[in-house]
Amino acid sequence: MNAFIIDGVRKTFMNGDVKEEILKGINLSLKEGEVTALVGASGSGKSTLLTIAAGLQPASNGKIIFNGNNMSTMNAEQVRKIRSSQFGFVFQFAHLVPFLTVEEQLMLMLDVSQSKRNKREQKGEINKILKLVEMNHRKNAYPGSLSGGEKQRVAIARAIIHQPKVLFADEPTASLDSNKSKEVMSLIQNLTKALNVTTLMVTHDEEMLIYADKIIKMSDGMILEHED
Amino acid sequence: MNIAWKEIRKNKGRFLILGSIVFLVSLLTFIISGLANGLSQDNAALIKDLPNGQFYMSKDAEETYNLSKLDKDTQDKVLTKQKDAIAFSIQMGFLNDRTDKQHSVAFVTSTDTKLFPIVNKGEVVLDRSMEDDGIEIGDTFTNNQYSGELIVKDFIDQSKFSHAPVAYINTEDYQEMYRTSKMQLIFAPGEDSAEVPAELKAFSKEAFLNTIPSYKAEQMSLNMIVWFLVVISGMLFAIFFYMMNVQKMALYGILKAIGLKTSALFKMMWTQMAFITILSLLLSAGLSQIFNRLAPSGMPFHLTFETTIQLSLVFFIIGFIGATLSGMQIKKVEPLQAIQQGEI
Ligand SMILES: Nc1ncnc2c1ncn2[C@@H]1O[C@H](COP(=O)(O)OP(=O)(O)OP(=O)(O)O)[C@@H](O)[C@H]1O
Ligand SMILES: [Mg+2]
């Protein structure tokens with residue numbers, strides 16, 4: 001099933017007085033339970049496309065259709081609601097909240113996404129996810145005391161704790177070494193299957209493509225080819 | 001989950017610094033304001049501690065109480081009409097003790113009243129500060145314009161005029177010293193109700209105080225000092241809250257990316273600001289009140305509870321405005337920016 005459709009998306013930036021078209025009409029549909037990988041040269045527009053799809057910035061043109069609704073016509077508050085309850089994000093850096101413990105990071109996410117569960121259910125959920133990312137033993141640690149890989153695993157836990165429909169990941173393994181990268185990638189792949197998530201991921205790393213169900217190559221703001 | 005509190009718990013040092021700034025600056029303002037008030041009290045406690053009411057002096061005195069002379073008729077007319085009104089006079093002068101040492105005092109005499117102590121002929125009631133100078137009940141004084149001796153009958157608290165202790169004397173003695181049979185002023189407590197005789201001019205307490213040139217000038221400087229302090233402290237608060245918010249922009253961006261509403265971020269900032277400010281103000285207000293009790297008696301320090309609360313409120317409001325203005329940037333933070341900026 002196509003849960004997420006990117007339809008004719010264009011994006012132009014003003015570079016001084018010059019108008020630059022960074023995305024030149026992107027059409028893409030993403031399937032539930034699949035990891036779609038976005039690859040391409042630096043500057044080809046991958047991150048721009050991902051953040052537009054995730055509702056973090058608007059497109060200049062075109063539609064983002066999620067669950068049959070066009071997000072491009074929604075107001076900021078509607079987009080924020082969808083983002084906080086239906087989407088999850090992982091980026092190159094974990095972007096954890098520095099003054100919250102691992103457990104509290106996840107608690108905050110549950111609060112914000114308004115998954116109406118009581119404290120005990122929340123704790124149970126958090127324990128489950130932390131076991132999944134193998135961070136249960138560090139649940140009272142602050143981000144400052146975690147290694148890069150540990151932080152990234154917490155970030156992934158935070159991205160999925162509220163059971164999002166779509167997971168966006170922009171070079172989630174860029175700050176990790178090869179072994180840790182494989183761990184994180186297989187984690188993302190497993191979660192996608194287990195929770196039937198629609199996952200869109202940008203990566204530079206050829207090695208990581210084995211974890212993708214579908215590979216999309218971008219060049220200069222356009223999609224070159226699909227590969228399954 | 002209360003993230004405002006969680007952040008304070010983790011970053012105790014940072015909030016402690018902010019709190020100590022609020023504490024020190026407000027303490028400074030409280031103390032200076034207490035000293036200013038003390039000076040003002042030292043200058044005019046005699047008048048300031050009277051209840052609210054009207055002061056009358058003769059019109060031809062041109063608003064200088066020293067030049068005012070009340071006709072006996074006019075005085076009687078007002079005093080019979082307003083039962084609790086009194087006529088009184090103030091003159092600066094000297095008392096010589098037995099060792100011929102001169103003490104500068106403000107002589108005050110009045111018609112029968114509960115507002116001032118009533119003194120018999122040949123007696124004097126002094127401000128308590130004279131007691132600290134070693135004067136005792138039963139001591140005698142002379143005065144260059146007075147034939148007899150004045151015997152100290154009692155001391156009374158907080159009676160100062162023009163930075164000198166007040167010496168209450170009998171009207172007859174006063175008339176002998178200053179060779180006049182006329183009183184200078186009438187004071188009528190309560191709201192202005194009686195009509196004023198044509199030859200008199202009425203002043204509210206504040207207006208009367210301002211006719212005393214030394215008082216007016218001093219008061220202006222003191223008020224200036226206090227308000228400058230309040231304004232500068234307010235700006236300091238605002239700047240510190242601003243710097244703190246600027247440092248937290250990336251954090252606000254991430255919280256927005258997670259899905260927190262802007263209003264939730266404002267609530268977080270306000271909670272922290274209120275917590276820090278209230279705690280610091282309580283501390284500095286308490287400390288300045290203790291200082292009020294413990295200040296050496298020679299130091300003019302006077303800080304009322306009302307003034308402390310008033311100033312605290314002003315500080316709180318200024319802090320709130322400062323934090324809110326600096327927090328306006330929160331509205332502008334884009335979550336995307338925070339994500340592209342890298343790790344915080
Ligand atoms: N806010 C912006 N304003 C102006 N130009 C921008 C903005 N964001 C991105 N660009 C430009 O758009 C182009 C594509 O950027 P984008 O980050 O999407 O590339 P990318 O494919 O993710 O590259 P990389 O692999 O290096 O991360 C770049 O030339 C970049 O300079
Ligand atoms: Mg990129």
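Bear in mind that the values in this text are calculations on the coordinates, not laboratory data. Just so we're clear, the structure is a prediction, and the values are computed from it rather than from any experiment. In this analysis, Cβ positions are derived from the backbone assuming ideal geometry, glycine residues included, and neighbour counts consider all displayed protein chains.
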What's the local net charge at B:GLN184, with K and R +1, D and E -1, over the other residues with C-beta under 15 Å away?
-> +1
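Take the Cα atoms of chain B, build their convex hull, and give its volume per residue in Å³. Numbers along the way, then the final one.
Values: hull volume 59.2 nm³, N = 344.
Hull volume normalised by residue count: 172 Å³.
Could you tell me what a quarter of the Cα convex hull surface of region B:187-279 works out to, in nm² with one decimal place? Don't skip to the answer; put the middle values down first.
Numbers: hull surface 45.0 nm².
Seen from a random direction, the Cα hull of region B:187-279 projects 11.2 nm² on average.
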Sum -39500 (n - 2.57) across every DSSP H segment of at least 4 residues in the protein assembly as shown, then divide by the residue count to get the 222 nm mean residue ellipticity, nearest 500.
-> -15000 deg cm²/dmol
Which trypsin sites (Lys or Arg not before Pro) from region B:1-96 combine a DSSP loop assignment with at most 13 other Cβ atoms within 10 Å?
-> B:LYS83
Per-residue mean of other chain beta-carbon atoms within 10 angstrom of the beta-carbon, peptide B:247-257?
-> 3
Translational D (Stokes-Einstein, µm²/s) of region B:1-98 at 20 °C and 1.002 mPa s when Rh comes from the Kirkwood sum over C-alpha pairs?
-> 111
Placed amide H near A:PHE4: partners under 5 Å, 5+ positions off or other chain = A:LEU30
Among the aspartates and glutamates, which have Cα under 14 Å from the Cα of B:LYS10 when same-chain residues fewer than 8 positions away are ignored?
-> A:GLU104
Rounded to the nearest 0.05, what FRET efficiency do B:ASP49 and A:SER60 give with R0 = 60 Å and r taken as the Cβ-Cβ distance? Could you check?
-> 0.20
Ranked list, fewest to most other Cβ atoms within 10 Å of each Cβ, for B:TYR56, B:TYR65 | B:TYR65, B:TYR56
Determine the distance separating the Cα centre of region B:126-204 from the Cα centre of region A:110-158; give it in Å without decimals.
-> 79
Diffusion coefficient, µm² s⁻¹, Stokes-Einstein with Kirkwood Rh over alpha-carbon pairs of the protein assembly as shown at 10 °C and 1.306 mPa s | 53
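Would you mind ranking B:ILE17, A:ILE6, A:ILE22 by Cβ crowding within 10 Å, fewest neighbours first? Walk me through the intermediate numbers first.
Values: B:ILE17 12, A:ILE6 22, A:ILE22 19.
Starting with the residue having the fewest Cβ neighbours, the order is B:ILE17, A:ILE22, A:ILE6.
Mean shadow of chain A, computed from the convex hull of its alpha carbons, in nm²?
Details: hull surface 51.2 nm².
So the Cα hull casts an average projection of 12.8 nm².
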For region B:53-189, give the share of DSSP beta bridges that are antiparallel, in percent and rounded to the nearest 5; count only bridges with both residues there.
-> 75
Per residue, how much space in cubic angstrom lies within the convex hull of the C-alpha atoms of region A:66-136?
-> 130
Nearest 20 debye, what's the magnitude of the dipole of region A:1-64 about its Cα centre given +1 on Lys and Arg Cβ and -1 on Asp and Glu Cβ?
-> 60
Which entries in B:LYS114/B:LYS160; B:LYS77/B:LYS160; A:LYS123/B:LYS6; A:LYS31/A:LYS123 show an alpha-carbon gap greater than 28 Å?
-> B:LYS77/B:LYS160; A:LYS31/A:LYS123
Neighbours of A:LEU108 by Cβ distance under 11 Å: Lys/Arg at +1, Asp/Glu at -1, summed charge -1
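Suppose the chain between A:GLU207 and A:ASN136 were pulled fully straight at 0.36 nm per residue; how much longer would it get relative to their current alpha carbon spacing?
22.8 nm
Output the antiparallel fraction of DSSP beta bridges having both residues in chain A, as a percent to the nearest 5.
On the way: 23 of 41 bridges.
Of the beta bridges lying entirely in chain A, close to 55 percent run antiparallel.
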Say each of A:GLN163 and B:SER263 gets a label point 7 Å from the Cα, pointing the same way as Cα to Cβ; how far apart are those two points in nm?
-> 2.8
What is the helix-to-structure angle for A:178-195, meaning the angle in degrees between its Cα long axis and the longest Cα principal axis of chain A, kept from 0 to 90 and rounded to the nearest 10?
-> 90
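Tell me, B:LEU16, B:LEU311, A:LEU30 in order of fewest to most beta-carbon neighbours within 10 Å? Don't skip to the end; give the middle numbers.
Details: B:LEU16 13, B:LEU311 23, A:LEU30 20.
Least to most surrounded, the residues fall as B:LEU16, A:LEU30, B:LEU311.
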For the protein assembly as shown, what proportion of DSSP beta bridges, expressed in % and rounded to the nearest 5, is antiparallel?
-> 65
If you build a Gaussian network model of chain B, linking Cα atoms that sit under 10 Å apart, which residue out of B:GLY53, B:GLY319, B:GLY190 swings the most?
-> B:GLY190
Check: the protein assembly as shown dipole with +1 on Lys, Arg Cβ and -1 on Asp, Glu Cβ, in debye | 2940
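At a Förster distance of 45 Å, what's the computed FRET efficiency of B:LYS332 paired with B:MET220, Cβ-Cβ distance as r, to 0.05? Could you put the intermediate results ahead of the total?
Numbers: r = 43 Å, r/R0 = 0.95.
Calculated value: 0.55.
Using DSSP loop states and a limit of at most 16 other Cβ atoms within 10 Å to flag GluC sites (Glu not before Pro), what is the longest stretch of chain A containing no flagged site? It would help to have the intermediate numbers written out before the result.
Working: sites that count: A:GLU32, A:GLU134.
Longest stretch, sites excluded: A:33-133.
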Do the alpha carbons of any pairs in A:LYS128/B:LYS267; B:LYS48/B:LYS101; B:LYS12/B:LYS267; A:LYS81/A:LYS217 sit beyond 28 Å of each other, and which pairs?
-> A:LYS128/B:LYS267; B:LYS48/B:LYS101; A:LYS81/A:LYS217
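Considering only DSSP states other than H, G, I, E and B, which GluC sites (Glu not before Pro) in region B:158-226 qualify as loop sites with at most 10 other Cβ atoms within 10 Å?
Values: sites: B:GLU172, B:GLU176, B:GLU191, B:GLU195, B:GLU199, B:GLU206, B:GLU218; in loops: B:GLU191, B:GLU195, B:GLU199.
Sites meeting the loop and neighbour criteria: B:GLU191, B:GLU195.
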Reduced Cα scattering model of region B:53-189, Debye log10 I(q)/I(0), q = 0.09, 0.11, 0.20 Å⁻¹ = -0.26, -0.39, -1.19
Within straight-line cross-link reach of B:LYS81, lysines at Cα separation under 17 Å, skipping those fewer than 8 residues along the same chain = B:LYS72, B:LYS201
With the dipole of region B:53-189 worked out from charges on the C-beta (+1 for Lys and Arg, -1 for Asp and Glu) around the Cα centre, which of B:THR113, B:SER162, B:ASN143 lies farthest toward the positive end?
-> B:THR113
